[in-house]
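Before any comments, here is the structure.
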Amino acid sequence: KPAFTPEGLVTAGNASQISDGAAAILVAKGSVAQKNGWPILATVIDQYTSGLEPARVMAAPIPAILALLERNSLSVDDLAFIEHNEAFAAASCAVAKGVGIPDEKFNPHGGAVAIGHPLGASGARCLMTLINALQRNGGGKGIVTMCLGGGNAVAMLIES
């Protein structure tokens with residue numbers, strides 16, 4: 001059954017459910033982590049914020065990802081995984097197609113439709129899902145991205 005309009009395509013089956021959740025991430029200089037004996041799970045290489053007109057918010061991660069790749073002289077082939085906060089399945093399909101991300105690199109453990117979308121914790125959840133995927137698969141580079149209100153999106157390039 002359509003969620004927003006009688007003839008709409010977004011349903012409870014292809015949209016993330018609102019979930020309870022909490023998350024915290026400690027970001028520190030490597031020297032501070034080493035001095036305190038904290039494990040370094042990943043290194044932030046770069047980040048980018050993009051914006052489109054608000055009606056196209058679900059496509060806003062596309063220019064953010066492409067800008068990160070260009071600015072760091074990388075291609076999708078250089079990344080192990082891309083983790084996108086999948087508020088709606090159609091949005092993730094658009095991002096994967098718009099950037100040219102193969103299925104095996106995109107949300108390898110399921111997106112928010114499968115896992116849930118704890119609104120205030122989704123960014124941290126996505127980042128830790130990416131870090132865990134990188135570590136389980138021998139490390140490498142990855143991008144985490146999500147849409148924001150008003151037509152904006154963020155993307156972060158990390159290495160673990």
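Full extension of the chain between Val27 and Val10 yields a length gain of 2.5 nm, computed as 0.36 nm times the residue separation minus the alpha carbon distance.
Once the gyration tensor of the Cα atoms in the stretch 89-160 is diagonalised, the equivalent ellipsoid follows with semi-axes of 19, 15, 12 Å, ordered largest first. With both residues required to sit in the stretch 30-159, DSSP beta bridges show an antiparallel share near 75%.
Model label points for Asn132 and Arg71, set 7 angstrom from Cα along the Cα-to-Cβ axis, are 2.8 nm apart. By the rule of a C-alpha distance below 22 Å, with chain neighbours fewer than 8 residues away ignored, the lysines paired with Lys97 are Lys105, Lys141. Helix-only arithmetic for the chain: the sum of -39500 (n - 2.57) across DSSP H runs with n ≥ 4, divided by the residue total, places the mean residue ellipticity at 222 nm at -8500 deg cm²/dmol. Listed values (1) 2, 9, 19, 24, 24, 16, 6, 1; (2) 1, 8, 15, 20, 16, 13, 12, 8, 5, 2, 0; (3) 2, 9, 17, 22, 21, 14, 8, 4, 2, 1, 0, 0 include one computed from this model; for P(r) over Cα pairs in 5 Å bins from 0, in percent that value carries the label (3).
We did not get these values from a lab; they are worked out from the coordinates using the rules stated. Please read these numbers as outputs of a predicted model, since none were measured by experiment. Using ideal geometry, Cβ is built from the backbone for each residue, glycine included, and neighbour counts are taken over all protein chains shown.
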